[in-house]
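Let me begin by presenting the structure, written as structure tokens, before commenting on it.
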Amino acid sequence: MSVLEIRDLHVTVETDEGTTPILNGVTLTIRTGETHAIMGPNGSGKSTLAYTIAGHPKYTVTSGSIAFDGEDVLAMTVDERARAGVFLAMQYPVEIPGVTVTNFLRTAKTAIDGEAPSIRTWTKDVKEAMKHLRMDGKFAQRNVNEGFSGGEKKRHEILQLELLKPKIAVLDETDSGLDVDALKIVSEGVNRAKAQTNLGVLLITHYTRILRYIHPDFVHVMVKGRIVEEGGPELADRLENEGYDRFLEGELEPAVDTEA
Ligand SMILES: Nc1ncnc2c1ncn2[C@@H]1O[C@H](COP(=O)(O)OP(=O)(O)O)[C@@H](O)[C@H]1O
Ligand SMILES: [Mg+2]
């Protein structure tokens with residue numbers, strides 16, 4: 001079993017207005033085999049958490065810790081984190097001109113495993129994973145994400161997940177921009193990875209829709225860089241009905257004490 005432990009994490013980013021705090025004390029533990037959903041309004045810091053786990057240089061950890069199986073993740077480079085088994089599916093996957101999907105996947109697999117995969121099984125694995133995700137074989141020869149539709153980019157993220165076999169996957173709004181059919185296909189990919197490798201999942205989402213296909217064990221609500229509520233799947237149902245208003249009320253009008 002592996003465990004990712006985030007403790008009292010504070011993160012800032014440099015903006016035009018100077019150093020801005022984004023995460024204000026996030027504590028979260030994800031074990032392999034568990035699925036955690038992080039939900040919250042736009043701008044609450046969900047992607048910042050994802051990028052900080054992955055090691056994006058733009059985000060500065062000012063205090064707190066992230067440990068993976070007891071090892072200090074914050075002391076690791078981005079590729080060391082990937083080799084340790086931490087995977088990020090980005091909200092906005094980037095284009096890599098001049099690098100084909102097939103080269104990208106093979107290079108990533110070789111870097112993560114420390115040796116090149118055997119050509120025979122690898123070609124078969126790639127073909128099979130692409131078939132499952134209903135990706136045309138032609139994608140293999142295209143440049144990574146170049147001219148891909150939103151849905152194609154998300155499928156390519158899950159293709160990586162299935163082939164690289166991480167221990168913990170952070171999926172940042174993998175559901176955004178997908179129609180119902182694509183959402184199902186992508187969710188099935190995540191569920192296959194969960195079943196095959198006992199993957200731990202940190203599923204970041206704004207909407208509850210994807211939780212009908214990928215069932216969370218735990219739901220956390222993030223508002224303004226903090227986790228303000230935690231529960232089981234029933235919390236997602238409540239958010240589906242009520243939205244995030246009750247967490248943001250203080251912002252709209254001053255709180256009034258009605259209990260006289
Ligand atoms: N690289 C960045 N530069 C400037 N501001 C940023 C950057 N990343 C995040 N922020 C700010 O941090 C806040 C949280 O953003 P984000 O983590 O993307 O939230 P979410 O994913 O929950 O929508 C937002 O106000 C956003 O503008
Ligand atoms: Mg985001």
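A compact table of results
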read-out: Share of pairwise Cα separations in the chain, more than 22 Å, in percent; value: 57 percent
read-out: Whole-Hz couplings from phi, Karplus 6.51/-1.76/1.60, listed for segment 94-102; x for Gly and Pro; value: 8, 7, 10, x, x, 10, 6, 4, 5
read-out: Scattering profile of segment 43-133 at q = 0.14 Å⁻¹ [log10 I(q)/I(0), Debye over alpha-carbon scatterers]; value: -0.67
read-out: Contour minus Cα-Cα distance for THR102 and ASP217 (0.36 nm per residue); value: 38.0 nm
read-out: Spatially proximal lysines relative to LYS167 (Cα-Cα < 24 Å; intrachain offsets below 8 disregarded); value: LYS46, LYS109, LYS124, LYS127, LYS131, LYS153, LYS154, LYS184, LYS194
read-out: Neighbour-limited loop hits for GluC sites (Glu not before Pro), segment 1-67 (at most 15 other Cβ within 10 Å; DSSP other than H, G, I, E, B); value: GLU17
read-out: Anisotropy class of segment 120-199 from Cα gyration tensor, a/c 1.5 cut; value: oblate
read-out: Under Karplus coefficients 6.51, -1.76 and 1.60, residue-wise ³J(HN,Hα) of segment 153-166 in Hz, glycine/proline x; value: 4, 5, 4, 5, 5, 6, 4, 4, 4, 5, 8, 7, 6, x
read-out: In order through segment 209-221: 3J(HN,Hα) via Karplus (6.51 cos²θ - 1.76 cosθ + 1.60), integer Hz, x for Gly, Pro; value: 3, 5, 6, 6, 9, 10, 8, x, 7, 9, 10, 10, 9
read-out: Coil-residue trypsin sites (Lys or Arg not before Pro) of segment 72-122, DSSP, other Cβ within 10 Å capped at 10; value: none
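Every number in this text was worked out from the coordinates using simple rules, so none of it is lab data. Given the structure is predicted, the values throughout are model-derived calculations rather than measurements. Every residue, glycine as well, gets a Cβ built from its backbone with ideal geometry; the counts of neighbours run over all protein chains shown.
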